[in-house]
Amino acid sequence: MLTQIYKNLIVQTVCRIIIPFIQIYALYVIAHGHYSPGGGFQGGVILAAALALIFLAYGQDAAVRRLNRHQAVILCAIGVFIYAGIGLLCLLAGGNFLDYSRLAPILGVTIPRARSLGILGVEIGVGLAVMSAMYSIIIDVAGKSTIAAPRDFVQLPKTKRDNVGPAA
Amino acid sequence: MKNIILTFVILTGGFLIYGTIDMPAWGDPQSPANSYVSPRYIEQALEKTETPNIVTAVLADYRGYDTMGETTVIFTAAIACALLLRGSTVGRKESE
């Protein structure tokens, strides 16, 4: 259990500088992934690496305060839902499952553009699912946070309080 | 019980290895995958999917359903880890 935070000014300062760049690079990999090397899987893992860096440099509580384990699993499910939802949308528009060209009338764009946007949406879903799955596994393996996770998934506590969420 | 399970696992593994004997040699240019499927993707991907990147066309268009399965596998891995490692919080205090 990582209850004691390894405080190191150099590590924390470097992480504070480098984490935004890692995240922007991850967004670039996801956003450009459908036309150049990259994609949702790779970008999602880079985003998870940024969260893991927060975890390692600032301790488990700092990471869990940004994204706790319940939210991570819910985000993962939302990612899969975005993918399947785009497929179902194509199905509802009269095409095959994941036939992106049927999205053109809905989005009001040309067919190649609709295919590009459909694949981008799918990649975003994949990225979200991969990022939160990796992060969820990291915090599961690392052990329990000293911050109690709220049971009802609403607002994260700003300070450490005992009365977090309704008593079960 | 353990022996029965082990027998089934070994049998299934044996059948799978037996199944690979009929597979075409790795990288064989005459194999069905290389003689029909790949040329078709390379020649027709642009006009059929209107995506300039063949890798993307195969990954997200021809095999979009497969990629959805991959995403579901990762989701399942996260859920399985959560179920195994988080444990039950019923009847136990959440903090510490």
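Throughout, read-outs are computed from the coordinates displayed, never taken from laboratory work. Being a predicted model, the structure only gives us computed values, none of them experimental. Every residue, glycine among them, receives a Cβ derived from its backbone with ideal geometry; neighbour counts consider all protein chains shown.
A compact table of results
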item: Euclidean distance of C-alpha centroids, region A:75-119 and region B:21-93, integer Å; result: 18
item: Student exercise, chain B dipole from Lys, Arg, Asp, Glu Cβ charges, in Debye to nearest 20; result: 560
item: Least to most buried among A:Leu107, A:Leu27 (fewest other Cβ within 10 Å first); result: A:Leu107, A:Leu27
item: In degrees, nearest ten, helix B:64-86 long axis to first principal axis of chain B (Cα); result: 20
item: Residue-averaged 222 nm ellipticity for chain B, from DSSP H runs of 4+ at -39500 (n - 2.57), nearest 500; result: -19000 deg cm²/dmol
item: Between 0 and 90°, nearest 10: helix B:38-49 axis offset from chain B longest Cα axis; result: 90
item: Residue order, fewest to most surrounding Cβ atoms within 10 angstrom, among A:Cys15, A:Cys90; result: A:Cys15, A:Cys90
item: Principal-axis tilt of helix B:2-20 within chain B, Cα atoms, nearest 10 degrees; result: 10
item: Ascending count of other beta-carbon atoms within 10 Å, so fewest first, for B:Met68, A:Met131, B:Met1; result: B:Met1, B:Met68, A:Met131
